[in-house]
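The values are calculated or read from the model by the stated rules, or taken from the named source; none is laboratory data. Computed from a prediction, not measured in an experiment: that's the story for all the values here. Cβ placement follows ideal geometry from the backbone for every residue including glycine, while neighbour counts extend to all protein chains displayed.
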Amino acid sequence: MKTIDDIMRGTRDIWDDREPEAGHFERFSVKLELRRQARTVKRSIVPYLLRAAVVTLLVTLSSLWTWDHFIRPENSRMRLGEVSPQYREVENYYIHQVSLLQDEIVNTEIQSNPEQKQILISELKSMDSVYVSLQKELKANPDDERIISAMIEHYQTKLEVMTYIVDQLQTIRNNNTSNEDHEKVSL
């Protein structure tokens, strides 16, 4: 089988007997120049903007999907207030009380060891993880009174623990204040 090179060599005398018409190279140069100019003129920002818009749209949609499925866990949980209006009042009361005590704990200065404050806050957050699992169970079984009572007991226990912590912090603060007063008097 002949290659293209063999065919071209064999028929060279057919193709080489004529010269291009007069002005061929000038016309060819003009056409090349027109193509170069057309390419630079045709380059537009529109395709880049379209690509940027598509990428932005994809990033936005994927972010919303990720938010909806992974970051926002409320879809898999059910609040106590969604069961009935009475439970909503109970839940709001406990949430308010917990937030008051939590603000008091966070604003209290633990002078002896600042790490204790961080440990205390992390322990309170770990108590919340138990409540999150109860919320998930309530979502699966919204009519189960045992789960509802466990959620209320969780709030009560959390309030008792937080009240105890606040009392202990008050006692420590009062002891530190009285010790400072005794030191000032003895000086």
- Any chance residue 125 is closer than 15 Å to residue 101 by Cα, in a helix (DSSP H, G or I), touching a residue at least 40 places away in the same chain (Cβ under 8 Å) and of a type outside the set (Phe, Trp, Tyr): no
Quiz item: Is at least one residue of the stretch 151-162 modelled with pLDDT of 85 or more, in a helix (DSSP H, G or I), assigned by TED's automatic domain parsing to the domain that holds residue 91 and among the acidic types (Asp, Glu)?
Solution: yes
How many residues of the stretch 117-150 are more than 28 Å from the chain's Cα centre (by Cα) and surrounded by 12 or more Cβ atoms within 10 Å (Cβ to Cβ)? The answer is 6
